[in-house]
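So the structure is just underneath, and the comments pick up after that.
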Amino acid sequence: MHLLVCGGTGCRASASDSIAEKLKAELAANNLQDEAQVIQTGCFGFCEKGPIVKVLPDNTFYTQVKPEDAPEIVKEHIIKGRKVERLLYVDPAKKQKVEDSKHMGFYRKQMRIALRNCGFINPENIDEYIARDGYQALGKVLTELDPQQTIDIIKKSGLRGRGGGGFPTGIKWEIASKNKADQKYVVCNADEGDPGAFMDRSILEGDPHSVIEAMAICGYCIGASKGLVYIRAEYPLAIQRLRIAINQAREYGLLGNDIMGTGFNFDINLRYGAGAFVCGEETALIHSMEGLRGEPTNKPPFPAERGYMGKPTNVNNVETFANVPPIILKGADWYSSIGTEKSKGTKVFALAGKINNVGLIEVPMGITLREVIFEIGGGIKNGKKFKAVQTGGPSGGCLTEKHLDIPIDFDNLIAAGSMMGSGGMIVMDEDDCMVSVAKFYLDFTVEESCGKCSPCRIGNKRLYELLDRITKGEGTLEDLDRLRNLSHVIKDTALCGLGQTSPNPVLSTLDNFYDEYVAHVVDKKCPAGQCKSLLRYVIDPEACVGCTACARNCPVNAISGERKKPHEINPDICIKCGACYEKCKFDAIRII
Amino acid sequence: METVKLTIDNKQVEVPKGTTIYKAAKKLGIDIPVLCYMELHDLGVENKPAGCRICVVEVEGRRNLAPSCSTACIEGMVVKTHTTRVINARRTVMELILSDHPKDCLTCPKSGRCELQDMAIKLGIREIPGQEYAEMSTYRKDFSPSIIRDVDKCIMCRRCETMCNEVQTVGALSAVNRGFMAVVAPAFEQDLEKSPCTYCGQCVAVCPTGALTEVDHTAKVIRAIADPNKTVLVQTAPAVRAALGEEFGLKPGTLVTGKMVAALRQIGFDYIFDTDFAADLTIMEEGTELLDRLTRFLDGDKSVKLPILTSCCPAWVNFFEHNFTDMLDVPSSAKSPQQMFGAIAKSYFAEKLGKKREELVVVSVMPCLAKKYECQRDEFKVDGNPDVDFSITTRELAHLIKEFNINFEELPDEDFDRPLGESTGAAVIFGATGGVIEAAVRTAYEIYTGKSLSKIDFTELRGMEGIRSATIDFNGLPINIGIAHGLGNARKLLEEVRSGKANFHAIEVMACPGGCIGGGGQPLHHGDSSIIKARMEAIYREDAGKPIRKSHENPYIIKLYEEFLGKPMSEKAHHLLHTHYFNKKKDVYIK
């Protein structure tokens, strides 16, 4: 038997290390250490209900486990063979306990290729990766295929860059392979920076060898002997596991000189990012690795022609690499049979926001937003109404009810006014103000712009200021026109992908929620009730019984009134904190 | 050469492969507005960060607009440079840039010569939408002895960075902070004074706005002249006369020596002298030092440091005090002409006038910003009183002339005062790269060989090549001369000397490209480096027209040694005309 304990960053933050220790101790105390093994794996994806403990072979899925649950799990499940009922996942719709994780709505529609080993193997043990066909793809490539044949497989598979751009990976490799140079580089872009996104982190934490293997394959294809992983320093666990994995691969002769006796040399080093979002843009990333300011430069020249240290460089994202070994092993046809006409394979998304099942999922391209949100995601929290879903992070846009049934792929999302991006997916309900959502993203891009080009440096700031004015009730209809013109010009003139997409949250909300903008600027109302400046708290004298609970809880003494007589809120003092609203037992406080 | 054909605004053009759209359009006579872009053709410098986004154009088949300054032409490309979409984008971007730019044009030192102002006019900007609630990025002002950084006015064109890092290899300026708060600043956001800045002023020379300007001393100069208890002397550097006219609409390369003297007299300076006199004096000291080192070297003295390096250029002095601290005993110990003049003015000339040094105010007019710093150095003061009180630039002088309502073009030619106004052709060429060493050769040759030169012009030492070398035959003794202008070239040459690869007897270094004629205090060239060439021609014209062209033949120099100094490198000369250098490296980055 195997007890898989999630060792991802989220579950570790909720003491999963201690759960694993306790389980091991408990097994040892019962002299069962040879019968059942405790393994700390990468992320299971179901972060909403972490920490997760999964028992194999019966797929029992325990959620929200605490260290003190360890004795019971061992005693009941391992020794007596009875499931610990209270820790089982309850299907929120059917209100039934789910015994086998395969039947969970969260997993049913998922298809795991990039995440194939996450939540399954111990990422710090290369043998477990090898046992799952690890490094076989590299072996096959080095012994049976020449670089062009390998590139052809990737091209035929239809794999497109998962970092956001969606550029065909095989073509990228081919360009880099054709550029002649004494030295070339393979770079893995692990500078994941979208707010709320953790796809790359999970892959590196849960299955670092898949990225290492793919980088070596890429090195063979383009003729590079050096690989670099540009990873953000805020990912200490991913860095640690990547380091362990690289060292193990070196020990096994899977990195270094004369790999598998084929004469192929390849090694990987790490470079740490200092937390600049723009360094996810490949030219900025390369400058950062060179020790220069993390700033993008005009393309062309593309990195495939002149990249790191002026040499041809192939930059791919973590998730893109993680797809490569299965494609080599199972074939291009297998991979291209999954997905839509122009977007093949699967995509990992980080589900977040007002959704029941927050977590990391991998789904085939072509699945609809409705399936993702309502089946995998388990629908909207607290029975609220779905309002919008934001995809593509700060570069993406907000999609609405009418987009729920379009099949998700690179081109459809762009056509709908958003984009795939790196795979962030934030769900919003009726309480979310779309102007505020746009403002949130602009706040992010203002902070993260490098400042090199004027439209992004100043334009995003002005967009933010306009949105801020609108949420404060100071906006005008003219401002909406300005927002639109400014957004279009920034997109049209900005230097790099950051600025060229940063107005997307504004444009998509203007397109899909124009009435909400108008409500802010004309009626000076926030329909979602989120913009504080546009709210007013009043007491309904009919409903108020004069219990004084509101007045006693008001932090600024804005409420006055005699006992047992209707109270009143002074709007000049009120800070709209909502404390009175929370405390009133008679529903006498109204928000208007 | 491989070429590509493309269409710009419905016109066909064929250009070499790799040509940018901007240059291809220029070939067709189509003027695409550029702001951050700058090309100094003769120096091989091109600044094209593609940051301002003013030069964007429409390229058929491309999703977004392309920066024409940095997008290469491709075969069959169809470009439109002035469509509605482009015009709207340019205007909007310009409005954005202006929305984060101070509106104090009335008092801005760059007003009237500001490229941002010109562009706003060109693009017809009449209002900045939303200005009343637009936040401005603000940054502390940084005052150094030579340069003021007012980066609120920085538009991130990065020209200063290109000059400071690529051309000069000084590395004092680079972009710091992110996004809206991004500015160009020294490392760790130190003040310029704590950075390796040499005050060469090349950043100021290319700054399109008022973000980088010189420290203005004109008010102090006026006050000194107005003070009845002060005798105010002015000295003018050789390069000033070859460029000042540009500020009054005269063609680059017009010599205005006589008008300049007349103007200075009208402004009210008591004595109009010439730094050229001190340049001749410099040659006497530096030339003698060269011959002294050379003779001792030939006699087998192993302690002699060769090559001798010129030390006239204060930015160059700052540069080696920061970067070549192991070679501080290599440069000539001779002071620069500005400082030699000050020292002589406040001793020899003060004695002649029967005045105390405190009653004298020495003003210098220089093509240079580093001179402002140089005259404030402690070693050039006597009891706190500086040998040179104020150094103003060519631009500041032009401003003074305008302020005094002098019709410059109509001025008669006048002569400098005596004795410190007499100079030779050798002194004039100090203003151009190679000039100092040519002047030194003219004198050293005659003293060493005891023969008169048959040909005074050493054309092999002239030119705009960044690093040059020539061998001059000193009557059978070959003297190897090296010349570098631009600190990046100086660094290259010095590194060769340090590693023992180069074998020179004497090296001339000027910090600014072209020498003093291209100084940071000269009229702005706005990216047109042909102006620097025209000034150079003017300098050599002035030299050719001078009756005396060798420093040691200057009668007033001869008299100065007879009456006052004794002989070159005498004890008195040493005391007044020589200096020593400091290790500045340790000063950097220590708050």
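The values are calculated or read from the model by the stated rules, or taken from the named source; none is laboratory data. Since the model is a prediction, treat every value here as computed from it, not as a measurement. Here Cβ is always computed from backbone atoms with ideal geometry, including for glycine, and neighbour counts include all displayed protein chains.
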When you look at residue A:457, is it more than 8 Å from every other protein chain (Cβ to nearest Cβ), part of a helix (DSSP H, G or I) and of a type in the set (D, E, K, R), yes or no? no
Could you tell me whether any residue of the range B:493-508 is surrounded by fewer than 16 Cβ atoms within 10 Å (Cβ to Cβ), touching a helix residue (DSSP H, G or I) at 6+ places or on another chain (Cβ under 9 Å), modelled with pLDDT under 95 and part of a helix (DSSP H, G or I)? yes
Just to be sure, is residue B:191 buried (at least 18 other Cβ atoms within 10 Å of the Cβ) and away from chain A (no Cβ under 11 Å)? no
If you check residue B:372 against the conditions, is it touching a strand residue (DSSP E or B) at 6+ places or on another chain (Cβ under 9 Å), among the basic types (Lys, Arg) and either part of a strand (DSSP E or B) or more than 25 Å from residue B:240 (Cα to Cα) (or both)? no
Within the range B:159-188, can you find the residues that are in a loop (DSSP other than H, G, I, E, B) and either over 17 Å from the mean Cα position of the chain (by Cα) or within 14 Å of another protein chain (Cβ to nearest Cβ) (or both)? B:171, B:173, B:177, B:178, B:182, B:186
Output the number of the condition that residue A:76 fails; it satisfies all remaining conditions of (1) in contact (Cβ under 8 Å) with a residue 40 or more places away in the chain; (2) in contact with a Lys or Arg (Cβ under 6 Å, 6 or more places away or on another chain); (3) not hydrophobic (A, V, I, L, M, F, W, C). (1)
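For the range B:75-85, give me each residue that is more than 9 Å from chain A (Cβ to nearest Cβ) and either buried (at least 24 other Cβ atoms within 10 Å of the Cβ) or touching a residue at least 24 places away in the same chain (Cβ under 8 Å) (or both).
B:75, B:76, B:77, B:78, B:79, B:80, B:81, B:82, B:83
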Go through the range B:95-118 and count every residue that is closer than 25 Å to residue A:446 by Cβ, at pLDDT 95 or above and not acidic (Asp, Glu). 7
The range A:460-475 - residue that is at the interface with another protein chain (Cβ under 8 Å from one of its Cβ atoms) and under 26 Å from the mean Cα position of the chain (by Cα) and, of those, surrounded by the most Cβ atoms within 10 Å (Cβ to Cβ): A:460
Just give me the residues in the range A:440-454 being among the aliphatic types (A, V, I, L, M) and either in a loop (DSSP other than H, G, I, E, B) or more than 7 Å from chain B (Cβ to nearest Cβ) (or both), in sequence order. A:442
Pull up the range B:12-64, narrow it to residues that are assigned to a strand (DSSP E or B), under 30 Å from residue B:95 (Cβ atoms) and at pLDDT 95 or above, then point me to the one that is nearest to the other protein chains (Cβ to nearest Cβ). B:56
Cβ pairs under 8 Å, 6+ apart or interchain, first in the range B:123-143 and within 11 Å of another protein chain (Cβ to nearest Cβ), second assigned to a strand (DSSP E or B), ordered by first then second residue, are B:137/B:183
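Residue by residue, here is whether (1) of a type in the set (A, V, I, L, M, F, W, C); (2) in a strand (DSSP E or B); (3) modelled with pLDDT of 95 or more holds:
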residue: A:316; (1), (2), (3): no, yes, yes
residue: A:320; (1), (2), (3): no, no, yes
residue: A:335; (1), (2), (3): no, no, yes
residue: A:374; (1), (2), (3): yes, no, no
Which of (1) within 25 Å of residue B:175 (Cβ to Cβ); (2) of a type in the set (Phe, Trp, Tyr); (3) more than 14 Å from chain B (Cβ to nearest Cβ) is the odd one out, the single condition residue A:302 does not satisfy? (3)
Residue B:96 more than 22 Å from residue B:3 (Cβ to Cβ), crowded, with 22+ Cβ neighbours inside 10 Å and more than 13 Å from every other protein chain (Cβ to nearest Cβ): no
On the given criteria, is residue B:374 in contact with a helix residue (DSSP H, G or I) (Cβ under 6 Å, 6 or more places away or on another chain), of a type outside the set (Gly, Ala, Ser), buried (at least 19 other Cβ atoms within 10 Å of the Cβ) and farther than 22 Å from residue B:265 by Cα? yes
Under 6 Å between Cβ atoms, at least 6 apart or on separate chains: pull out the pairs that start in the range B:202-215 with a residue that is surrounded by fewer than 24 Cβ atoms within 10 Å (Cβ to Cβ) and end on any residue that is in a strand (DSSP E or B). B:213/B:148; B:214/B:393; B:215/B:148
Just a yes or no: is a residue in the range B:550-568 under 23 Å from residue B:257 (Cα atoms), part of a loop (DSSP other than H, G, I, E, B) and among the basic types (Lys, Arg)? yes
Boolean, residue A:564 is among the basic types (Lys, Arg), surrounded by fewer than 22 Cβ atoms within 10 Å (Cβ to Cβ) and outside the structural domain of residue A:281 (by TED's automatic domain parsing): yes
Inside the range B:511-542, the number of residues satisfying the requirement of being more than 22 Å from residue B:47 (Cα to Cα) and either touching a strand residue (DSSP E or B) at 6+ places or on another chain (Cβ under 6 Å) or surrounded by fewer than 23 Cβ atoms within 10 Å (Cβ to Cβ) (or both) is 5
Restricting attention to the range A:269-298, and to residues there that are assigned to a strand (DSSP E or B) and either buried (at least 24 other Cβ atoms within 10 Å of the Cβ) or in contact with a helix residue (DSSP H, G or I) (Cβ under 6 Å, 6 or more places away or on another chain) (or both), which single residue is nearest to the other protein chains (Cβ to nearest Cβ)? A:273
Quick one: in the range A:117-152, which of the residues that are among the hydroxyl-bearing types (Ser, Thr, Tyr) and out of contact with any Ser or Thr (no Cβ under 9 Å at 6 or more places or on another chain) is surrounded by the most Cβ atoms within 10 Å (Cβ to Cβ)? A:150
Report the residue count in the range B:273-325 for those that are surrounded by 24 or more Cβ atoms within 10 Å (Cβ to Cβ) and β-branched (Val, Ile, Thr). 6
Could you say whether any residue in the range A:252-268 is within 14 Å of residue A:190 (Cα to Cα), at pLDDT 95 or above and either buried (at least 24 other Cβ atoms within 10 Å of the Cβ) or out of contact with any Phe, Trp or Tyr (no Cβ under 9 Å at 6 or more places or on another chain) (or both)? yes
For the range A:94-127, give me each residue that is outside any loop (DSSP other than H, G, I, E, B), without any contact (Cβ under 8 Å) to a residue 40 or more places away in the chain and among the charged types (D, E, K, R). A:97, A:127
Of everything in the range A:476-495, what is assigned to a loop (DSSP other than H, G, I, E, B) and more than 10 Å from every other protein chain (Cβ to nearest Cβ)? Give them in sequence order. A:476
